[in-house]
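**Q** So that we are looking at the same thing, I have put the structure below in structure tokens.
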Amino acid sequence: MKRFAFALATGLFSAAPALASEPLTLILDWYVNPDHAPIILAQERGFFADQGLEVEIIAPADPTEPPKLVAAGRADLAVSYQPQLHLQVHEGLPLIRVGTLIATPLNCLMVHADGPVQSLGDLRGKKIGYSVSGVEEAMMSAMLASVDLTMADVEMINVNWSLTPSLLTGQVDAVIGAFRNFELTQMRLAGAGGRCFYPEENGLPTYDELIFIANAESLDHDRINRFLAAVGQAGEYMLNHPEEAFTIFAASGPDLSDELNARAWSDTLPRFAHSPAALDHGRYARFEAFLHAAGLIPSILPVEKLAIDPGAKR
């Protein structure tokens, strides 16, 4: 079995001569978990190799770095998030969406199931933890507006990446940015019940949670299309053989067979893009308009500046 590099190392991106296969470097958004299952299955089942690719899969030491590495030409592709992509393109980074990994939102506002927040209206005067400024605050603002509240009615607290612990310990009353396929299970495993309020049901347009991004100034359509074909093939294998697929995935790295990952696998399986290259043009246009209305971007870019289907006729 191929193994994966789990941290960035000096000289990692130095080019190696291609032999039978072409090299491609992919930076994940986080450590390997079931969100990345089609990528891992494509590697383990040899689907990348069948496409003539030698894919190096790297988990970042810093989860904010992957888009910057792609923009700097130090990685071919990265797993990222649609909401962040809009902001980063407006900041001037030469990035573009070339594929979708998870085609539904995962982000949610999480609270204690039996706590004082039983509706969004109960958030008045409460403390809300968050990890990523900008998009998560815009999401929170839109969700509050759906019940006639504003950001002035709550206290936002940056808890870094400690979303579940900050809620469990009572540091905050709710957290925005929790993934419904992970943090809810973490709450249950810690002996507490959690519940989610979903952004797409409370004031926000729906969006792709996890996407593949490339450098818009140096697109290699052929290699990207072959990469996405392998990811799509892995997704089909997972749907047809979920138990076998999880066994392969769990054996590919340490701790991937624990209870959290096993439950997350089942919760995530229906959410993967069935056609990774396919682009929902309206979805990107609507989210761009939402960010503009929220005052987070100065103008509205055409979708082709944000996202493409790399296999479409050019």
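The values are calculated or read from the model by the stated rules, or taken from the named source; none is laboratory data. All of these numbers come straight from a predicted model, not from anything done at the bench. Don't worry about glycine lacking a Cβ; one is built from the backbone with ideal geometry, like all the others, and counts go over all protein chains shown. The area values use the complete protein model at the heavy-atom level, side chains included, leaving out ligands, DNA and RNA. Shrake-Rupley method; radii C 1.70, N 1.55, O 1.52, S 1.80 Å.
**Q** With label points built 7 Å along Cα→Cβ from the Cα atoms of L260 and K305, find their separation and express it in nm.
**A** Modelled inter-label distance: 4.0 nm.
**Q** Within 10 Å, count the other beta carbons around each residue, average over each peptide in 69-75, 121-127, and list them highest first.
**A** Output ranking for 69-75, 121-127: 69-75, 121-127.
**Q** Return the long-range amide H neighbours of I157 (sequence gap of 5 or more, or a different chain), with a cut-off of under 5 Å between placed amide H atoms.
**A** Long-range HN contacts for I157: I128, G129, Y130.
**Q** Please give the peptides 237-244, 76-83 ranked by average Cβ packing (other Cβ atoms within 10 Å per residue), highest first, as a rough proxy for protection.
**A** Highest to lowest by the protection proxy: 76-83, 237-244.
**Q** 5 Å is the cut-off here: which amide hydrogens, built 1.01 Å from N in the peptide plane, fall below it relative to E56, excluding neighbours closer than 5 in sequence?
**A** Long-range HN contacts for E56: L24, T25, L26.
**Q** Sticking with this one: State in Å² the accessible area per residue of the chain; use a 1.4 Å probe, count heavy atoms of protein chains only, and round to the nearest integer.
**A** I get 43 Å² per residue for the chain.
**Q** Mind ranking L291, L301 by accessible surface for me, highest first, 1.4 Å probe?
**A** L301, L291
**Q** By how many degrees, between 0 and 90 and to the nearest 10, does the Cα long axis of helix 259-268 differ from the longest principal axis of the chain?
**A** 90
**Q** OK, next. Using a simple charge model, +1 on the beta-carbon of Lys and Arg, -1 on the beta-carbon of Asp and Glu, nothing else, what dipole does the chain show about its Cα centre, in debye to the nearest 20?
**A** Value, rounded to 20: 220 debye.
**Q** Here is a follow-up. Starting from 0.36 nm per residue, how many nanometres of slack lie between T150 and A190 once their C-alpha separation is accounted for?
**A** Between T150 and A190, full extension yields an extra 11.2 nm.
**Q** Sticking with this one: I'd like the carbon and sulfur percentage of the solvent accessible area for the chain, probe radius 1.4 Å, heavy atoms only, ligands and nucleic acids excluded.
**A** 50
**Q** Name the residues whose placed amide hydrogens come within less than 5 Å of the amide hydrogen of A78, ignoring near sequence neighbours (fewer than 5 apart) on the same chain.
**A** I27, I213
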